[in-house]
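Here's the structure we're looking at; comments come further down.
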Amino acid sequence: MDDQKELWGKILAEIELNVSRANFLTLFKRTALLSLEGNVVTIAAPSTMIIDLLQRRFYEIIKRAVDKHTQMDASIIFAPKTIVATVEQAKESNMPLFEEEKPKTIGHLPRVRQDYTFENMAVSSSNQLAYVSATTVAKKPGQIYNPLFLYGPVGCGKTHLMQSIANEVFKNDNSKKILYITSEEFTNEVVESIRTNATAQMKRKFRNVDLLIIDDIQFIAGKEKIQEELFHTFNILVDNGSQIVLSSDRPPSEIQKVEKRLLSRFAGGLTVDIEQPDFELRTAILLIKAKKYGVGLSIEVAKIIAEKAQDARSLEGLLLRTITEAQAKGEEISEELANKLLGNKKDETIIVGSFHPDEIINNICTYYKVKPTQLKSSKRDAFLVKPRQVAMYILKKELGLTYVEIGNILGGRDHTTIMHGVEKVENLMGKTKLSEDISSISRLAVENVVDY
Amino acid sequence: MKIVFLSSNLSAKLSFLNHAVSSRGQLPILSNFLLETKKGKFHISSTDLEMGIQTSIPANVEEEGKTTVPAKNFSELVSNLGEEKVTLSLSDQSLKLTTGKVKSAFQTTPAEEFPKLFEEKGEEVAQIKREVIDKKMGRVVFAAAVESSRPALSGILLQKAKGGYIAVATDGYRLSLQKNISIGEKGEVKDKDLLIPARLIKELISLKEEGDTLKMYVSEKSNQTIFEQGETLVVGRLIEAKFPEYEKIIPEEHNSKTSFSRQDLQNAVRICSVFARETANILKLSLKKDRIVISANTPSVGENTVDVEAKLEGEENEIAFNARYLSELLSNIEEDEMTFEMQGPFNSGVFRVVGDNDFLHLIMPIRVQE
């Protein structure tokens, strides 16, 4: 194509010498070489009238020039066609009437699901504070809580809340620059920009937004260069009054291997904890999800399913399974069906997979700041008794060890001691402090596995 | 070449022929008329290479032949002759024009240098009534872009529809759409969309010629279209470009609809324009229950508001438009009763003519910072 353009340019230069300036400008300027096949040369000109003149009056001149540059005996034909040299430019020219419509679809926000909005979020005491602060941030981005740091276990609705903020801000003012990204993607972008030597471009991208949302921030742990980049981005955005929203599975103070200065900035705005949805909320979530799938779900069935899982994602999985099963059998979604299908499914609250008892004891010791030897010793100081009983509980519940085995591990204690300890912790589980401790220890376990 | 004809017959056609005389005049031949005599008729043609016009008048042809003369001088002379019998005769390079009292001789350029307007007329695709061109196309053509880097916007899209064509034009800021352009009994609707230069349609509207029907021809081979009315042919080329997908931007819903008199609104727009001229021509329309309040202000000049009686259905609303777009729309509509529909200040507003579902015009609003 470019060859043809160049060839035609040469031919035109030749022709220009042989015709008057007026003729050249009006007749030849807007011609182009359309194709060159064998010895047939097709020349495009914008109108039949121009073609008529070219053919009748300038054929000889054109042919001579063409023959000279193609070095053959060419036969020349003309085609009425407008070759717009500025096609590329034309695309950019404004047609606001037509562009106007684009922002109407929220699809403009990459990575953000349109159906995650505040309206379809179920709210109860476990996530009410988070919900209220998120709506406040969406109403007045960058003005009140900056940054907003949401943390909570999987499937408690962090992502839903954050995407709702993005959707709401966008709905209110679609000229706002919104960037939703996971910390993994952030890492990739930074790495990629360093690799391709395009850091300036990357910096511009992150530092020019009105709302930056980073999901699962805990994954930047141990990545120093990324943290540095985030630190600077953070400072600039806050200075510009742009809103930042972050999420993590634990509070800033518990994120390890992240620089202090960055952590203190994370905690500098509002830090809100979202708890695992309670039973009522789970039921409500199920009803909302069922509506989304266009399925009628009775409250009774929702309750049955809500008992079987803790986080919203598992709930959705169970719900889908129930729906699919009902459809496959051609039945209504009934209590019997749900019971039959999900009845034997255990409540998988804490963690899946097994660990060596020593690891768990190490974790417990790290958490309570005691030594394993102290834990296993015969001393019965109050600061040792609690960790020890927690250890009994976790070893029993998670590893399913027998009371005798646990007794052996913990320094040769009698199995009745262990039974008492487990029972005591079970009774205390209602108290939030202890159950929080236990879930923190479980998290530690998972994390250590990741580290290995 | 030698012919005799009545000067008034020719002078009636000259002003239209001059529309296609090249104004830039880079190529001298394009500022000439082509004069031809054939079979008892005197043909005159002009072209600027983009558009061509050919017309003919009855004449007493004594000897056939053809030549070209400078259009400007020739038209000026002929239009000042009054009602006279004119004899034209060509000898060597000189064209002699004589009446009872006047004797003049023009320097000519050989007819061979003049471009041929068309090879063949092409296929007849429509017979459009004169009033359809004047009224329905007139409501559409003004919305096309005059100068645009996008060729498609300088054209009118004729799109196949049941029993005729849909005509659409837009310059990217506003859009006019007219359905049911009837194509007559003999016409055959092209499956392919036709994009006709707006200039050509504007010329057709200004064409005064006998007969009440325009025949439209299309030759896809040479990418050309010809309109013929009476003795006059207007030749143009089809635009090869993709017209923007206009269907998508026509709003389907509205939450405010108001009916008003076009004349009243037009007056109000004229009055308010005085104060809008220096601030990007912005007029604000406030839709109230029983009226539309048009307002404009320029900090250095002043401000004013004009009430236009109207009947609102739905919510009260506000929107701002460029005054030029409003006044161009209002002056291209003949009917007096119109409606305006809108949904929020950021969505295009839609104007319609009451009792005519075939037409709509939409204008993109201006975002005004409060």
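Read-outs throughout are calculated quantities, based only on the coordinates presented, and are distinct from any laboratory measurement. Because the structure is predicted, anything quoted here is derived from the model rather than measured. For neighbour counting, all protein chains shown are included, and Cβ atoms are generated from backbone atoms with ideal geometry for every residue, glycine included.
Just a few scattered comments:
- The distance separating the Cα centre of the stretch B:197-257 from that of the stretch A:290-314 comes to 60 Å.
- Tilt relative to chain A, helix A:382-399 - C-alpha long axis, 0 to 90 degrees, to 10: 60
- Under Karplus coefficients 6.51, -1.76 and 1.60, residue-wise ³J(HN,Hα) of the stretch B:220-229 in Hz, glycine/proline x: 5, 4, 9, 6, 10, 10, 10, 10, 10, 9
- Debye, to nearest 20: dipole size of the stretch B:2-113, +1 on Lys, Arg Cβ, -1 on Asp, Glu Cβ: 260
- The charge dipole of the stretch B:52-200, taken about its Cα centre with unit charges on the Cβ atoms of Lys, Arg (+1), Asp and Glu (-1) only, comes to about 820 debye.
- When all alpha carbon pairs of the stretch A:188-256 are counted in 5 Å bins from zero, the resulting P(r) reads 3, 15, 25, 26, 20, 9, 2 %.
- Taken as Cα centroids, the stretch A:393-430 and the stretch B:297-363 sit 80 Å apart, rounded to the nearest whole angstrom.
- Centre separation in Å (Cα based) which lies between the stretch A:198-220 and the stretch A:18-70: 55
- Vicinal HN-Hα couplings computed from phi for the stretch B:287-294 (Karplus, 6.51 cos²θ - 1.76 cosθ + 1.60; Hz; Gly/Pro x): 8, 10, 4, 10, 7, 10, 9, 9
- Here the stretch B:250-363 is treated as a Stokes sphere of Kirkwood radius computed over C-alpha pairs; at 4 °C and 1.567 mPa s its diffusion coefficient rounds to 93 µm²/s.
- Think of it as helices only: each DSSP H run of n ≥ 4 in chain A is worth -39500 (n - 2.57), and spread over all residues that comes to -17000 deg cm²/dmol at 222 nm.
- Under the criterion of Cα pairs below 8 Å and six or more residues apart, the relative contact order for the stretch A:5-89 equals 35 percent.
- Where GluC sites (Glu not before Pro) fall in DSSP loop in the stretch A:190-261, at most 14 other Cβ within 10 Å: A:Glu259
- Since only A:Asn408, A:Phe98, B:Tyr217 are under comparison, the one whose Cα sits farthest along the positive direction of the charge dipole of the protein assembly as shown, derived from C-beta charges on Lys, Arg, Asp and Glu, is A:Asn408.
- Considering only the Cα atoms of the protein assembly as shown, their convex hull presents on average a projected area of 52.5 nm².
- Size of charge dipole - chain A - debye, nearest 20, with Cβ of Lys, Arg +1 and Asp, Glu -1, no other charges: 780
- Relative exposure of A:Asp215, A:Asp249, judged by other C-beta atoms within 10 Å (fewest first): A:Asp249, A:Asp215
- Taking amide H as placed 1.01 Å from N in the peptide plane, A:Ile43 has its amide H under 5 Å from the amide H of A:Leu34, A:Ile77, A:Phe78, A:Ala79, each at least 5 places away in sequence or on another chain.
- If the Kirkwood radius is taken over C-alpha pairs of chain A, then at 20 °C and 1.002 mPa s the Stokes-Einstein diffusion coefficient equals 76 µm²/s.
- In order along the stretch A:367-381, phi translates into HN-Hα couplings of 5, 8, 6, 10, 9, x, 5, 5, 4, 8, 6, 8, 4, 10, 5 Hz, rounded to whole numbers, per the Karplus curve 6.51 cos²θ - 1.76 cosθ + 1.60 with θ = phi - 60° and x for Gly and Pro.
- Ordering A:Gln163, A:Leu315, A:Asn339 by the projection of their Cα atoms onto the charge dipole of chain A, which places +1 on the Cβ of Lys and Arg and -1 on the Cβ of Asp and Glu, puts A:Gln163 at the extreme positive end.
- Selection of chymotrypsin sites (Phe, Trp or Tyr not before Pro), the stretch A:247-350, meeting DSSP coil and at most 16 other Cβ within 10 Å: A:Tyr293
- Dipole orientation for the protein assembly as shown: of the candidates A:Leu27, A:Leu17, B:Gly314, A:Leu17 has the Cα lying most toward the positive pole (charges on Cβ; Lys, Arg +1; Asp, Glu -1).
- For B:Tyr217, A:Tyr367, A:Tyr180, the sequence from fewest to most other C-beta atoms within 10 Å is A:Tyr367, B:Tyr217, A:Tyr180.
- Long-range amide H partners of B:Ala320 with built H, under 5 Å: B:Leu285, B:Ile366
- For chain B, projected area of the alpha-carbon convex hull averaged over all directions, nm²: 21.8
- The ranking of A:Tyr131, A:Tyr59 by Cβ neighbour count inside 10 Å, starting from the fewest, reads A:Tyr59, A:Tyr131.
- The alpha-carbon atoms of the stretch B:157-270 define a convex hull whose volume equals 171 cubic angstrom per residue.
- Across the stretch B:210-283, counting alpha-carbon atoms alone, Rg and Dmax equal 21.2, 52 Å.
- Distances between placed amide hydrogens fall under 5 Å for B:Phe33 paired with B:Val69, B:Ala71, all partners being 5 or more residues away or on another chain.
- At most 16 other Cβ within 10 Å, DSSP loop - GluC sites (Glu not before Pro), the stretch B:302-334: B:Glu315, B:Glu316, B:Glu334
- Seen against the Cα atoms of chain B and their longest principal axis, helix B:7-17 is set at about 50 degrees.
- Estimated 222 nm signal from helices in chain B, with DSSP H stretches of n ≥ 4 weighted -39500 (n - 2.57), rounded to 500: -4500 deg cm²/dmol
- Against the main long axis of the alpha-carbon atoms of chain B, helix B:262-276 sits at an angle near 80°.
- Here the stretch B:2-113 is treated as a sphere whose radius is the Kirkwood value from Cα pairs; by Stokes-Einstein at 25 °C and 0.890 mPa s it diffuses with a coefficient of 177 µm²/s.
- Counting lysine pairs in the stretch B:123-247 that sit 8 or more residues apart in sequence, or on different chains, and whose Cα atoms lie under 13 Å apart gives 13.
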